[in-house]
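Please read the structure below before turning to the comments.
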Amino acid sequence: MEKISEKLLLEKGSPKTNKLEQIKTLNLSKLGLKHQDLPVKLLSRLQSLESWDLSGNRLQEFPKSLELPALRCLDLSDNQMEDVMSLESLSGLEELNMEDNLYITVSDNYKLMVVLPKLRMYNGKDVTTSANHLRFVYSDNLMTRIITVWEKSFSLPDPPTAQKMSTLEVSFVNAARQQVKYGPNSVSDFTKWRVEILAKEYLRSLTKPKEDERSKKTTRTEKSCEALTPVKRKQPEPDTKYGVRLTPLKKPRTDVPESPRKSPGLLLRPRTPTQPDGGRVSLRRATQPSLTPTGTDGKSETPSRASKEERAQTKQKDGAKTARLQKDVSTVPTTTQPVRLKPLHVLQCHSKRDSAEDFSTQLWACAFQPPTTSSGSDGGSQLVATCGGDSLCVIDCEAGMVMKKYKVPGEEFFTLAWSTVLMSRGQKASAQPCSILAAGGKRGLVKLLHPRNNVAYGEFRASRKALSTLRFNHRQGNFLFVGSYDNKIGMWDIGGLDSKYNFRVGQLLTLDTDSTPLHICLPPTSPGTDLLMGSEEGLLCYNTQLGTINSTKSRSKVMEVTFPIYKKEDNDYRTIDGLSFLTDDIVASKNHMHGCIYLWSWGRTKAQRPDKKSRAVCAVVLAELQWANTEIPYLALGTCPGRGYIACGDHKGRVWTYHVNNLQKSNFQNGKPVQPTEVLEWPAPVRSGLGQVDGPSINSVATDPDLRYLVALSDKNMVIVWKGEDDS
C-alpha cells in the first residue's frame with residue numbers, strides 16, 4: 001500500500017478542503033518516507049502549496065521533476081539528504097531547513113544558495129548577503145579566471161563542427177576545473193562545480209548563432225502579452241559587399257578587463273570625396289573640424305506639419321508672449337559662448353563576439369558618470385557608459401579607450417543610469433559616496449555595478465517583461481525608477497552598500513501607464529514629488545511623493561500634457577520619443593513625426609487645471625526648434641543645462657545642436673521654427689581600405705556637464721565622440 005495517498009494529503013493539509021489544489025500548508029513529518037514514497041504525479045497537484053514539512057523522514061533526495069510554483073517554505077531537517085541539486089526545480093523557495101542531514105557539506109550549502117535564486121532563510125538564518133555574494137561577486141570572479149584560461153590556451157575550431165565542439169568543450173571544462181583557483185579549500189567542490197557550469201555557459205556564448213533578423217520586423221509598438229522581449233526598430237542588413245575584415249579585440253569578457261583597451265577601430269576622416277585609405281589605422285584624433293549646418297544636400301528641413309494658420313496664431317500672440325518668454329529664457333546660462341565640436345573618436349566596442357564585422361548591433365543608451373563630489377574634481381565627467389547588445393562599456397572620451405566592459409551572454413541591454421550611493425567602511429569609519437551604474441534590458445533584470453572596483457555586485461528582477469528605461473532620483477540616489485514593457489513604472493529603493501557589497505532592495509511604488517514608458521524625467525526642483533513620462537501614447541505626469549495621504553502603492557496619471565498640433569493631427573502621432581529638462585522650468589520634448597523639438601514651460605503647464613474627463617492640459621510652448629524630417633522613431637535627445645545646449649541625432653548620422661542662449665533674440669518671439677546652431681555632419685569613418693561607412697540613425701546623445709564631450713550612439717554598432725572647444 002502506498003504511504004502517500006490523496007486521502008492522506010487532504011488529512012495532513014490545511015486549510016481543510018476536498019481539493020488538493022487548494023492546500024497551502026502540508027505536514028508529512030516523521031512518516032519514515034523515502035524518495036520512492038513521494039508520487040510526483042499526485043504531489044504535482046499541490047499547485048497552491050506554500051509551506052511543506054518533511055522533517056524526520058529518510059529522504060536521500062527530492063523528486064527532481066516535481067515543480068511546486070507556490071512553495072516558499074520547505075523543512076527537510078533530520079533526513080538523509082545527499083543530492084541537494086534535486087531541489088533545483090523549486091525556484092520560488094525562500095526558506096529552507098536542512099539541519100541534521102549528516103551528508104550535507106559546506107559546498108552543498110553554497111550550491112543551494114546558487115540554484116535557489118530566491119533563498120533568503122537557510123537553517124533559520126538570513127543568508128541574503130552570502131547568497132548575493134555567491135551568485136554575483138563570486139561567480140563574476142570565477143568567470144574572469146575562466147576567460148583567462150580560454151584566452152591563454154584555446155580558440156574556436158574552423159569550421160566549428162559538432163564533433164570538434166564536443167571535444168573542445170570537454171578539454172576546456174577540464175582545464176578550467178584544474179586551473180581556476182578561488183576561495184577557501186573547504187568549498188573547492190563547490191568552486192569546481194560552479195566553474196564547470198560557467199565554462200560551458202561561456203563556450204556557448206562564443207558559438208551562439210546569430211539572431212534571426214526576421215524576428216525584428218515587427219515594431220516596438222506591438223503589445224502582445226506573450227512577447228517577452230520588445231521589438232526594436234528594424235535593423236538594415238549590414239553592408240558586406242566589401243568583405244569587411246578589421247582586426248578583432250580579445251575574446252569577450254563577462255567582467256571588466258584589467259586594463260584599458262581600444263575598440264575595433266575605424267579611421268576617422270572629414271567627409272570629403274577622397275580615395276579610401278589602403279591600410280588599417282587605429283583610432284586617432286580628427287584633424288579637421290566637423291562640417292557645419294544644414295546637411296549635405298543643401299536643403300533646409302522644416303517641420304512638415306507646421307501650417308500657415310498655426311504660425312499666424314503664433315504671431316497674434318507675440319505681443320503678450322514676449323515678456324513671458326524673456327522671463328523663461330533668462331533662466332538659461334547667459335554667459336556661455338557657443339561650443340565648437342570636432343569629431344574625435346569612432347568606437348566599435350559592442351560587437352557580437354568582438355567581431356569587427358558587426359555593423360548590426362544597435363546601441364540604445366549612454367550617460368556620463370556624475371561627479372561624486374560637489375567640486376566634481378574626480379574626473380568622472382570624462383567617462384561615459386554605453387549599452388547595446390549583450391554588453392555595457394565605460395569609455396574614456398579623451399583617450400577613446402574602453403576602460404571597463406561587462407558582458408551578459410543572452411542579454412540585450414536597452415537602458416542604463418548612473419547614481420551615487422553611500423558605501424559604509426566599518427564600525428567607526430564614515431560612509432563615503434560611491435558611483436554605481438544600473439542597467440537593464442530584455443530579461444527584466446536590473447544589473448548593479450561598481451565600475452571603479454570592477455565589480456558587478458548584484459541584480460534584482462524588476463519585471464517579467466523587458467525593461468525600457470531607468471532613471472535615478474538625483475537628490476536621493478538610492479531611489480530608482482524602472483520603466484518596463486508591461487506598461488508600468490516601478491519605484492525601487494536599492495539602498496547603499498557595505499564594504500562586502502551587501503545591499504537590500506525593495507519596491508516602493510508602481511505607476512500604471514497606458515503604454516511602454518520610453519523616457520522618464522524628474523523635475524530638477526521637485527524630483528521627489530513629480531514624474532514625467534514620454535510614451536507611445538503621449539506625455540503623462542504622476543505624483544510620486546511618499547508618506548502622504550495618497551499612500552497607495554499603485555498610482556495612475558495625474559495629468560496628460562498635450563500640444564497644440566494634436567488638434568490638427570491624428571492621435572497616432574502622440575509618441576514622445578525625446579524628453580529632457582533644459583533648466584529648472586524649460587522642458588525639451590519631441591515627436592518623430594512633427595519635424596521639430598518643442599521647448600515648453602513645466603511650471604506654467606502644471607499650474608493649469610486639467611480637464612476633468614481626460615486629465616489633459618496643453619503645454620505652454622515657448623519655441624519650436626527645427627529638426628529633421630524623418631519617420632524613424634526613438635531618436636532620443638539630450639540636454640546640457642550648464643551650457644544651455646540641446647542635441648538630437650537624426651536618421652543620416654547627423655547631430656543637430658541648439659545653443660539656447662542665442663535663442664533669446666528674435667527667434668524666440670517671431671513664431672518661426674528656430675534654426676539649429678550647428679548640425680554636426682556624420683564623420684564618415686573609413687573601413688581600412690574598403691570605403692566610408694554611411695551615416696546610420698543616431699539613437700541617443702549625451703554630453704558631460706561642461707560640454708567638453710558629446711557622445712552619440714548609432715544603430716550600426718558605432719559610438720561617436722566629439723570634443724568641444726569654446727568659440728572665441
Unmet criterion (only one of (1) over 27 Å from the mean Cα position of the chain (by Cα); (2) at pLDDT below 90) for Val679: (2)
Scope segment 342-365; condition part of a loop (DSSP other than H, G, I, E, B) and crowded, with 22+ Cβ neighbours inside 10 Å; matching residues: Gln348, Cys349, His350, Ser351, Phe359, Thr361, Gln362
Residues located in segment 7-30, provided they are under 48 Å from the mean Cα position of the chain (by Cα) and among the charged types (D, E, K, R): Lys12, Lys16, Lys19, Glu21, Lys24
Selection from segment 176-199 of residues that are in contact with a helix residue (DSSP H, G or I) (Cβ under 6 Å, 6 or more places away or on another chain) and under 11 Å from Val149 (Cα atoms): Ala176, Arg177, Gln179, Val180, Ala199
Neighbours by Cβ (under 8 Å, 6+ apart or cross-chain): first from segment 1-24, closer than 19 Å to Lys41 by Cβ; second among the small types (Gly, Ala, Ser): Lys3/Gly32; Leu20/Gly13; Glu21/Ser48; Gln22/Ser48; Ile23/Gly13; Ile23/Ser14; Ile23/Ser48
The listed residue being under 25 Å from Ser51 (Cβ atoms), out of contact with any Pro (no Cβ under 9 Å at 6 or more places or on another chain), aliphatic (A, V, I, L, M) and assigned to a helix (DSSP H, G or I), out of Leu112, Leu198: Leu112
Which numbered condition Asp486 fails, given (1) surrounded by 20 or more Cβ atoms within 10 Å (Cβ to Cβ); (2) assigned to a loop (DSSP other than H, G, I, E, B); (3) not small (Gly, Ala, Ser): (1)
Residue under evaluation Val561, criteria (1) more than 26 Å from the chain's Cα centre (by Cα); (2) in a strand (DSSP E or B); (3) over 28 Å from Asp486 (Cβ atoms), criterion not met: (3)
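Tell me, please, whether a residue that is in a loop (DSSP other than H, G, I, E, B) and modelled with pLDDT of 90 or more can be found in segment 177-184.
yes
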Residues that are among the polar types (S, T, N, Q) and either over 19 Å from Phe581 (Cβ atoms) or within 30 Å of the chain's Cα centre (by Cα) (or both), drawn from segment 596-636: Ser601, Ser614, Gln626, Asn629, Thr630
Boolean, Tyr122 is among the aromatic types (Phe, Trp, Tyr) and in contact with a strand residue (DSSP E or B) (Cβ under 6 Å, 6 or more places away or on another chain): yes
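Have a look at Met98, Met121, Met85 and point out the one that is on the phi < 0 side of the Ramachandran plot, surrounded by 17 or more Cβ atoms within 10 Å (Cβ to Cβ) and not β-branched (Val, Ile, Thr).
Going through Met98, Met121, Met85 in turn, just one is on the phi < 0 side of the Ramachandran plot, surrounded by 17 or more Cβ atoms within 10 Å (Cβ to Cβ) and not β-branched (Val, Ile, Thr): Met98.
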The one condition in (1) open to solvent by 30 Å² or more (accessible area, probe 1.4 Å); (2) touching a residue at least 40 places away in the same chain (Cβ under 8 Å) that Thr516 fails to fulfil: (1)
Verdict on Glu61 being within 28 Å of Thr129 (Cα to Cα), open to solvent by 40 Å² or more (accessible area, probe 1.4 Å) and touching a His at 6+ places or on another chain (Cβ under 7 Å): yes
Residue in segment 413-426 that is under 16 Å from Leu363 (Cβ atoms) and open to solvent by 30 Å² or more (accessible area, probe 1.4 Å) present: no
Of residues in segment 620-638 being more than 19 Å from Ala712 (Cα to Cα), of a type outside the set (A, V, I, L, M, F, W, C) and in a strand (DSSP E or B), the one most open to solvent (accessible area, probe 1.4 Å): Glu624
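The values are calculated or read from the model by the stated rules, or taken from the named source; none is laboratory data. Keep in mind that this is a model prediction, so the values were computed, not measured. No Cβ is skipped: glycine too gets one built from the backbone with ideal geometry, and neighbour counts run over all protein chains shown. SASA here: full protein model, heavy atoms, side chains in, ligands and nucleic acids out. Shrake-Rupley method; radii C 1.70, N 1.55, O 1.52, S 1.80 Å.
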